[in-house]
Amino acid sequence: MDVKQLRCFMAVAENLNFTKAANQLFVTQSAVSYQIAGLEKQLDLKLFVRDRHTVQLTAAGEVLYQESKRLVAEFNDAVDKARMTESGMVGKLSIGILSSFKFLPSLIKKFRSSYPSIVVTVTRHNMNQLNDALKAGELDLIFTISFALANLRNVRSYTFLPDAAAVFMRPDHPLASREKISILDLKKEALVHLSAESSASALDWLEKVCRKRGFAPNIVQYSDDLETLLFMIDAGLGITVLAKHAIGFYPNFKLKAIPLEDADANIEGICVWKDRSNNPSVPLFLKKLGVVNPNEV
């Protein structure tokens, strides 16, 4: 028994008239008779009692009709859900974040209000973990820093936070009175930095911009997380380069963030997703973020 036969059976059961059923289904009466005869033969059941003037359901037909209403309703519901899933209206969206970017909670709240049937999960990771999870398909979108793109392939990105890099230091550091700092000013400074295990791209970026100016960064200590890194700076163990918006993540640390003046040392907040994401919820979220054409970025 297929859906076509079931719909035909239900039309006859509801109308108790083959002609009316045929009109309802936009088919000929003979086509309806053929479907019902085939269904009765297939099930080895007599479903209708017919004479010249009336059509009545048999006891078996009545049971099948009541059960069929439930089956058809469930089938229609399943088709609706499948269509909504294909359109992205129903589904799951996994978001990974590097930091607690201030705009994200309200953005996710607005997205959930528009698409309540999409389950959104948010997890926080270091840069390496974000990249690996995106590559593995464990995350649909990641919110990270621009130099993370150095270790990613076949992805698209959108800059949501154009931001210059800054040198983080204690307020009593000799460079703290400057309005801007050059990478060259770091040549003789003791630096602390995120470890390669947590942020290989960030470390590669710093080494690259320093080598371009003829020196290697003097990194005296590494940290696996941002909070500990800021603690090191506050303790006077060294200074570091970060995106300047990071100063607001841990307000307990009273540090200064002096912008870098070097044009090639810019750092941006970016959202990254796979070039060929098969999750239809992704473009819906990206449009909320402000990406007009997600596949053309």
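Got a number for residues in the range 4-62 being of a type in the set (S, T, N, Q) and within 18 Å of Val72 (Cβ to Cβ)? Break it down into steps so the answer makes sense when it comes.
If we filter the range 4-62 for residues that are of a type in the set (S, T, N, Q), which is where we start, we get 5, 15, 17, 19, 23-24, 28-30, 33, 35, 42, 54, 56, 58.
Remaining after also requiring within 18 Å of Val72 (Cβ to Cβ): 5, 15, 24, 35, 42.
Adding up the residues that qualify gives 5.
Does Ala37 meet the test of being in a helix (DSSP H, G or I), farther than 24 Å from Asn17 by Cα and among the small types (Gly, Ala, Ser)? Break it down stepwise before answering.
Details: in a helix (DSSP H, G or I): yes; farther than 24 Å from Asn17 by Cα: no; among the small types (Gly, Ala, Ser): yes.
So Ala37 fails the test.
Of all residues in the range 237-276, count the ones that are more than 25 Å from Ala216 (Cβ to Cβ), assigned to a loop (DSSP other than H, G, I, E, B) and among the charged types (D, E, K, R).
3
Find the residue count for the range 11-34, including only residues that are surrounded by 15 or more Cβ atoms within 10 Å (Cβ to Cβ) and either at pLDDT below 90 or among the hydroxyl-bearing types (Ser, Thr, Tyr) (or both).
Looking only at that region, the number is 1.
Within the range 184-209, can you find the residues that are of a type outside the set (D, E, K, R) and at pLDDT below 95?
Of the range 184-209, the ones of a type outside the set (D, E, K, R) are 184, 186, 190-196, 198-203, 205-206, 209.
Those that are of a type outside the set (D, E, K, R) and at pLDDT below 95: Leu194, Ser195, Ala196, Ser198, Ser199, Ala200, Ser201, Ala202, Leu203, Trp205, Leu206, Val209.
Per-residue answers, yes or no, for (1) closer than 16 Å to Leu260 by Cα; (2) crowded, with 16+ Cβ neighbours inside 10 Å:
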residue	(1), (2)
Val155	no, yes
Leu191	yes, yes
Glu197	no, no
Ser201	no, yes
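Would you check which residues across the range 179-202 are part of a helix (DSSP H, G or I), over 27 Å from the mean Cα position of the chain (by Cα) and hydrophobic (A, V, I, L, M, F, W, C) and list them? First the steps, then the outcome.
In the first step, residues of the range 179-202 are kept if they are part of a helix (DSSP H, G or I); the result is 183-186, 196-202.
This time we only want the ones that are over 27 Å from the mean Cα position of the chain (by Cα), so: 183-186.
Listed by number, the residues that qualify are Ile183, Leu184, Leu186.
Given the options Phe249, Phe231, Phe215, Phe253, name the one that is surrounded by fewer than 19 Cβ atoms within 10 Å (Cβ to Cβ) and touching a Lys or Arg at 6+ places or on another chain (Cβ under 7 Å).
Working: Phe249 fails: touching a Lys or Arg at 6+ places or on another chain (Cβ under 7 Å); Phe231 fails: touching a Lys or Arg at 6+ places or on another chain (Cβ under 7 Å); Phe253 fails: touching a Lys or Arg at 6+ places or on another chain (Cβ under 7 Å).
Selected residue: Phe215, the only one of Phe249, Phe231, Phe215, Phe253 that is surrounded by fewer than 19 Cβ atoms within 10 Å (Cβ to Cβ) and touching a Lys or Arg at 6+ places or on another chain (Cβ under 7 Å).
Since Leu286 meets every condition but one in (1) part of a helix (DSSP H, G or I); (2) out of contact with any strand residue (DSSP E or B) (no Cβ under 6 Å at 6 or more places or on another chain); (3) without any contact (Cβ under 8 Å) to a residue 60 or more places away in the chain, which condition does it not meet?
Condition (3) is where Leu286 drops out.
Is it fair to say Lys187 is more than 22 Å from Pro283 (Cβ to Cβ), surrounded by fewer than 16 Cβ atoms within 10 Å (Cβ to Cβ) and out of contact with any Leu (no Cβ under 6 Å at 6 or more places or on another chain)? If you could, list the steps in order and put the result at the bottom.
On the way: more than 22 Å from Pro283 (Cβ to Cβ): yes; surrounded by fewer than 16 Cβ atoms within 10 Å (Cβ to Cβ): yes; out of contact with any Leu (no Cβ under 6 Å at 6 or more places or on another chain): yes.
So Lys187 passes the test.
The values are calculated or read from the model by the stated rules, or taken from the named source; none is laboratory data. Just so we're clear, the structure is a prediction, and the values are computed from it rather than from any experiment. A quick note on method: Cβ atoms are made from the backbone with ideal geometry, for glycine too, and the neighbour counts reach across all protein chains shown.
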